[in-house]
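The values are calculated or read from the model by the stated rules, or taken from the named source; none is laboratory data. As the structure is a prediction and not an experimental result, all values here were calculated from the model. Note that we place each Cβ from the backbone using ideal geometry, even for glycine, and neighbour counts take in every protein chain shown.
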């Protein structure tokens, strides 16, 4: 299992680089999305690449931190937390693919989601053979998933703060 642990932050950053590079261009070319999907797109009003990169960096911390801890201090709790975080990343890929299908237009997150999804599922399947599941494992898998959901909610609340210094509208 230890051989797979550090792939999580690598897959995460590979995927999020497509978002960092492409979202600014995508939002400028598709302003109609803000009117058609205000509930989702309001999170991106005042978007800047720099502000978004800060959010991605904040999101990277648990991916990298838990992966490092699980790599250097292997054990059921850290492996289970890591597994839960990886499940949340896979769900993230499915959401991006679903968004792209729904609006019938390329979104800068789709290509890496399609590339990373089967690889990520394969990694989790491989890791299943190394893990033993009991109530402690399941609790920490759920904690990992909830931790990432809460982290995403935090990032969306902080995007206006992250973006403000870079907008130039002071």
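Does residue 162 count as out of contact with any strand residue (DSSP E or B) (no Cβ under 9 Å at 6 or more places or on another chain) and farther than 22 Å from residue 56 by Cα?
Considered against the rule, which asks whether it is out of contact with any strand residue (DSSP E or B) (no Cβ under 9 Å at 6 or more places or on another chain) and farther than 22 Å from residue 56 by Cα, residue 162 comes out as no.
Filtering region 36-52 down to residues that are surrounded by 18 or more Cβ atoms within 10 Å (Cβ to Cβ) and farther than 19 Å from residue 105 by Cβ, which residue is farthest from the chain's Cα centre (by Cα)?
Result: 48.
Please work out which one of (1) surrounded by 13 or more Cβ atoms within 10 Å (Cβ to Cβ); (2) touching a helix residue (DSSP H, G or I) at 6+ places or on another chain (Cβ under 7 Å) is the condition residue 126 fails and give its number.
Just one mismatch for residue 126, condition (1).
Which condition number in (1) within 30 Å of residue 129 (Cα to Cα); (2) outside any helix (DSSP H, G or I) is the one that residue 46 fails?
(1)
From the list 8, 33, pick out the single residue that is assigned to a helix (DSSP H, G or I), at pLDDT below 95 and crowded, with 17+ Cβ neighbours inside 10 Å.
33
One residue is enough: does region 84-91 have a residue meeting the conditions modelled with pLDDT of 95 or more, touching a helix residue (DSSP H, G or I) at 6+ places or on another chain (Cβ under 7 Å), part of a helix (DSSP H, G or I) and more than 24 Å from residue 143 (Cα to Cα)?
No, because not a single residue in region 84-91 is modelled with pLDDT of 95 or more, touching a helix residue (DSSP H, G or I) at 6+ places or on another chain (Cβ under 7 Å), part of a helix (DSSP H, G or I) and more than 24 Å from residue 143 (Cα to Cα).
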